[in-house]
Amino acid sequence: MALFESINFFCSTYWFNITSYLGSGGVVMIPILSLSFVMWVLIFNRVVVMRRLFIKNIPRREAGELVRQNRMPDEKYKGANSLLVREFLSRRSGEPALDAFILDEIVVRLIGEMDKYLAIIAVLSGVAPLLGLLGTVVGMMTTFEVITIFGTGNARAMAGGISVALITTQTGLLVSIPGLYMSGFLTRRATNLKHRIAATGFYLKRFLE
């Protein structure tokens with residue numbers, strides 16, 4: 001019972017500190033937190049998709065054998081090579097020249113899908129500190145208004161504007177830094193997948209005769 005009360009007290013105190021922190025940042029915290037939520041939803045989506053394309057894959061040689069035998073990969077394989085083979089076999093015409101064009105079209109489309117949402121993630125992670133800077137400007141304007149009305153003797157009134165300036169700047173950076181890191185990480189992984197898909201597509205052409 002005492003342990004439960006301690007946990008409840010800790011959670012209540014922690015939640016109060018978070019709400020107090022967010023409230024001290026003022027109205028600019030709303031777009032910053034909304035931006036952070038959207039950015040991390042997109043990041044999570046890309047991480048899940050790219051992880052699925054990396055794991056449960058089939059070797060390039062096995063992909064070639066499947067194309068030669070006109071046989072679909074096992075459903076348990078969800079990787080990039082498996083996806084390429086599955087889509088190609090579902091659209092295969094039987095004419096080598098036409099099949100080469102079909103394979104190229106599938107490769108180009110899959111490569112283009114690797115960049116999905118990456119530009120948005122990069123933009124959102126770059127906009128976050130700018131919103132923090134906006135909060136800094138708003139906070140300093142509030143502080144100057146207080147100084148104009150009350151002078152420098154009212155420290156409590158001045159603290160509100162300074163708090164807005166500092167907290168929004170800090171939050172913008174806390175959102176931006178991991179966002180920029182994940183943007184670079186996902187871009188490198190997407191580049192790796194592009195090379196893998198392109199190489200597999202080129203390899204599969206020898207089995208179209």
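Observations on the model:
- Average accessible area per residue (Å²) across region 50-209 - probe 1.4 Å, nucleic acids and ligands excluded: 56
- Between V27 and R51, the contour length at 0.36 nm per residue exceeds the Cα-Cα span by 4.9 nm.
- Judged by the ratio a/c of the largest to the smallest principal axis of the C-alpha gyration tensor, region 57-133 counts as prolate, that ratio being 1.5 or greater while a/b is larger than b/c.
- For region 51-209, the square roots a ≥ b ≥ c of the C-alpha gyration tensor eigenvalues yield an a/c of 1.5 or more together with a/b exceeding b/c, which makes the shape prolate.
- Additional length obtainable on full extension of the chain from K78 to R109, 0.36 nm per residue less Cα span: 9.5 nm
- Computed from the C-beta positions of A97 and V38 and an R0 of 41 Å, the FRET efficiency is 0.35 to the nearest 0.05.
- Nonpolar atom fraction for region 61-209, defined as the carbon and sulfur part of the 1.4 Å probe accessible area, stands at 65 percent.
- FRET E, pair M141, Y117, Förster distance 22 Å, beta-carbon r, rounded to 0.05: 0.05
The values are calculated or read from the model by the stated rules, or taken from the named source; none is laboratory data. All of these numbers come straight from a predicted model, not from anything done at the bench. As a convention, Cβ positions derive from the backbone with ideal geometry for all residues, glycine included, and neighbour counts pool all protein chains shown. These area figures cover heavy atoms from the full protein model, side chains too; ligands, DNA and RNA do not enter into them. Shrake-Rupley method; radii C 1.70, N 1.55, O 1.52, S 1.80 Å.
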